[in-house]
1. Quick one: how many residues across region 1-13 are open to solvent by 50 Å² or more (accessible area, probe 1.4 Å) and either hydroxyl-bearing (Ser, Thr, Tyr) or at pLDDT below 80 (or both)?
2. Name the residue that is most open to solvent (accessible area, probe 1.4 Å), counting only residues in region 32-60 that are over 20 Å from Phe4 (Cα atoms), assigned to a helix (DSSP H, G or I) and of a type in the set (S, T, N, Q).
3. Confirm whether Glu17 is at pLDDT below 80, charged (D, E, K, R) and part of a helix (DSSP H, G or I).
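The values are calculated or read from the model by the stated rules, or taken from the named source; none is laboratory data. None of the values given here were measured: they were computed from a predicted structure. Ligands, DNA and RNA are excluded from the accessible area calculation, which covers all protein heavy atoms including side chains. Shrake-Rupley method; radii C 1.70, N 1.55, O 1.52, S 1.80 Å.
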Amino acid sequence: MWFFGYIGYQVLWFRAELNTSSRLSETAHVQQWSLISFYHILKHVTGWIFGPETNAQLVHNCALMLIGILLFSLAVLSRRIWASIRS
């Protein structure tokens, strides 16, 4: 998932850069595509924790995505643990 998310981000970012009618800045592309890559999500959240990240909306979206992934993972893990205990 890490690999495909990163590759997907790079492909979409490069495609948007090639689109001459888009005229979006680099920060708009980052905001637009960074939520599909776990690498970029963690990069923005840790950048906010340690100080250099200044885009509050992007960090907020990345933090919400990270919390969602965490809650989903905990739900799957707890369900599998309870299923193995009951068997």
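1. Residues flagged as open to solvent by 50 Å² or more (accessible area, probe 1.4 Å) and either hydroxyl-bearing (Ser, Thr, Tyr) or at pLDDT below 80 (or both) within region 1-13 amount to 4.
2. It comes out as Gln57.
3. Criteria met by Glu17.
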